[in-house]
Amino acid sequence: MLSGLSGTDQGPNDILSRHSVSFFPTLSSGSFNRIALLVSHTNPPSEDVSHTSPPSNDVSHTSPPPDAVSHTSPSAMAASAADTAARLAPGPDEPFDVNVDDASFEKLALWKARYGGTITVKPRERQSLALVLNEPEHVRHVLIGNHRNYNKGVGFERVKMLLGNGIIVSDGDFWRSQRRMIQPVFHRKIVEAQAGMMQTCNEAKLREWQDKAASGTVVDITTEMSALALEVILRALFSHDLDELIAQEGVNPFSMLVEDVTRDLKLAMRFRALTRHVTAIMARRREQNRIEHDFLSLMMETRDKESGQPMSDKALVDEVMTIIVAGHETTAGTLNWAWYLLSQDARVESLLHEEVDALGHAPGFGDLQALRYTRQVVDETLRLYPPVWLFSRKAINEDRLPGKDQDTRVPAGADIFLCPYLLHRDERYWDDPESFLPERFSDEASRQRNKHVYYPFSLGSRRCIGEFFSIVDMQLHLGLLARHIRFTHVVGKPVAVEPHINLRSLHSIMLMPELR
Ligand code: HEM
């Protein structure tokens, strides 16, 4: 745990609280303190409440990635890699190894402010230079244009302990074959079939919150969203085998992910030990010749289009563990922040209420198009708090990132870091970037914005496979719960981010529920 918080949840007289959600690096003893969030209720009203398009089932990223190296700048097209016109991006003299940790979170914000865009960082213990991409054209180039030149990189090393060689960490032909096989599991029709299960989970949560509201019991929204997101993903994978597992073990063994928020080696080993439950469920289904309408059965049945082969059991287990980890904490974190942001902003909250009340019934999959503002609330939460705030790639060969005046050099072997958190709050692309303004995601506003400044789910061929599933999950959750419940923040521990593998809240956020 970290010390040195630079702000607390204070009253409206606090000068900093003029910003609805702000982050301020402050200097202390030569190093930067945690970037803390300070909150007020003073968002300027906005009348532009237009709507985004409904969640799409954009599976365009499933198609085999293009081979072409496409550079946006004509000079880059003409030049060879040896051309001297490309320069190294500016950066600090201080050697530093960028990581998913607090020090990096603070340094990257500072260096971005100092150097403007993409920066080069010399390694401390690593072998290679690092580039932190803070220009949308550079993000596009690495994730889409010339993605074949980039592997997943150092940021995923720690995740490997948890996930084996699941698709979030694998590369090359193995990744391509796994992605091809898993993609149909996340097809729109399959997600639609899971929506009823999501609704059932949300209805149970509603009953709990109604009881808590009646008895004046505070909700630890951070822990509750974590438990709910875990339940949804486990039911999507195992359907009623989950209930059998809980009955057999007396508890849900996967709950350790909610209870133990460390993501260290000890937890990784305990988590890997859970693979025995996955293997047992698979064996039981095979024995009983049973195929369920869930992710696990779909993955057990899938075949590689080219080889006709199924996944090996080891690969299946790794993919199941990957989906649990990738799908749980990301959705949980987003809903945690969404409820917190709503508790801070009466204007946005009332627009959300207007929309969910106008629907007149509990939302289902078919209502998602009508819940456009709800969707914008989710999108804006993901802008301010992208759960995957920093992720990496490694350059295979030398490359150059296209620039208006000059290209930026990428040495072979360079570590590349992509930081949606910083680009999502970049004043060059967002007006009043610290404020919670879901209207930014109206169709019109989205059309006018550079397409590569917002990428909470990444871009290109490795874009999140669970994007549609999680959007449906979050829209249905807010759409149902906000019809009946609103929250007031119970001021206590500071509201601050913990920028580790995911961008979580440092402390649990406590909210008092009220019936509406
Ligand atoms: C708010 C919710 C979520 C966010 C913000 C999110 C974000 C991301 C990001 C940024 C990546 C790509 C990392 C990269 O390019 O290196 C990714 C990949 C992935 N996500 Fe998600 N995710 C979310 C929910 C989910 C859910 C619900 C699932 C599963 C049910 C899931 C499964 C995966 C998988 C399997 C990959 C690896 C895809 C590949 O490399 O081919 N995610 N996610």
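For this structure, a couple of remarks:
- Tally of residues being touching a Phe, Trp or Tyr at 6+ places or on another chain (Cβ under 7 Å) and either within 16 Å of the ligand (Cβ to nearest atom) or more than 21 Å from Phe391 (Cβ to Cβ) (or both) across the range 441-457: 2
- Selection from the range 293-315 of residues that are of a type in the set (Ser, Thr, Tyr) and without any contact (Cβ under 8 Å) to a residue 60 or more places away in the chain: Ser297, Ser312
- With respect to (1) surrounded by fewer than 20 Cβ atoms within 10 Å (Cβ to Cβ); (2) part of a loop (DSSP other than H, G, I, E, B); (3) under 23 Å from the mean Cα position of the chain (by Cα), the lone exception for Ile501 is condition (1).
- Unmet requirement for Thr302, which otherwise passes all of (1) in contact with a strand residue (DSSP E or B) (Cβ under 8 Å, 6 or more places away or on another chain); (2) closer than 25 Å to Gly460 by Cα: (1)
- Verdict on Tyr429 being among the hydroxyl-bearing types (Ser, Thr, Tyr) and within 16 Å of the ligand (Cβ to nearest atom): no
- With respect to the conditions (1) out of contact with any Gly (no Cβ under 6 Å at 6 or more places or on another chain); (2) in contact (Cβ under 8 Å) with a residue 24 or more places away in the chain; (3) within 16 Å of the ligand (Cβ to nearest atom), Glu319 falls short on a single one, namely (1).
- Residues of the range 356-375 that turn out to be out of contact with any Leu (no Cβ under 9 Å at 6 or more places or on another chain) and either among the hydrophobic types (A, V, I, L, M, F, W, C) or closer than 14 Å to Ile471 by Cβ (or both), as a count: 3
- Residues that are part of a helix (DSSP H, G or I), touching a residue at least 24 places away in the same chain (Cβ under 8 Å), within 13 Å of the ligand (Cβ to nearest atom) and closer than 14 Å to Phe391 by Cα do occur in the range 158-175.
- Taking the criterion of being among the small types (Gly, Ala, Ser), within 10 Å of the ligand (Cβ to nearest atom) and part of a helix (DSSP H, G or I), the only residue of the range 129-157 that qualifies is Gly155.
- Qualifying residues in the range 287-299 (those that are under 21 Å from Leu230 (Cα atoms) and away from the ligand (no atom under 14 Å from the Cβ)) - the one farthest from the chain's Cα centre (by Cα): Glu292
- For the range 186-210, taking the residues that are aliphatic (A, V, I, L, M) and surrounded by 15 or more Cβ atoms within 10 Å (Cβ to Cβ), the one that is farthest from Leu511 (Cα to Cα) is identified as Ile190.
- Evaluation of Arg375 against the conditions (1) farther than 30 Å from Arg158 by Cβ; (2) within 16 Å of the ligand (Cβ to nearest atom); (3) out of contact with any Ser or Thr (no Cβ under 7 Å at 6 or more places or on another chain); (4) not aliphatic (A, V, I, L, M) shows that the sole unmet condition is (3).
- Flag for Met311 being within 16 Å of the ligand (Cβ to nearest atom) and of a type in the set (A, V, I, L, M, F, W, C): yes
- Test: residue in the range 330-351 that is part of a loop (DSSP other than H, G, I, E, B), more than 21 Å from the chain's Cα centre (by Cα) and either away from the ligand (no atom under 16 Å from the Cβ) or within 22 Å of Val278 (Cα to Cα) (or both): yes
- Matching residues, the range 487-498, being touching a Gly at 6+ places or on another chain (Cβ under 9 Å) and either in a strand (DSSP E or B) or under 21 Å from His328 (Cβ atoms) (or both): Ala496
Just so you know, all these numbers are worked out from the coordinates, no wet-lab data involved. Because the structure is predicted, anything quoted here is derived from the model rather than measured. Because the Cβ atoms are built from the backbone with ideal geometry, glycine has one as well, and the counts that use them run over all protein chains shown.
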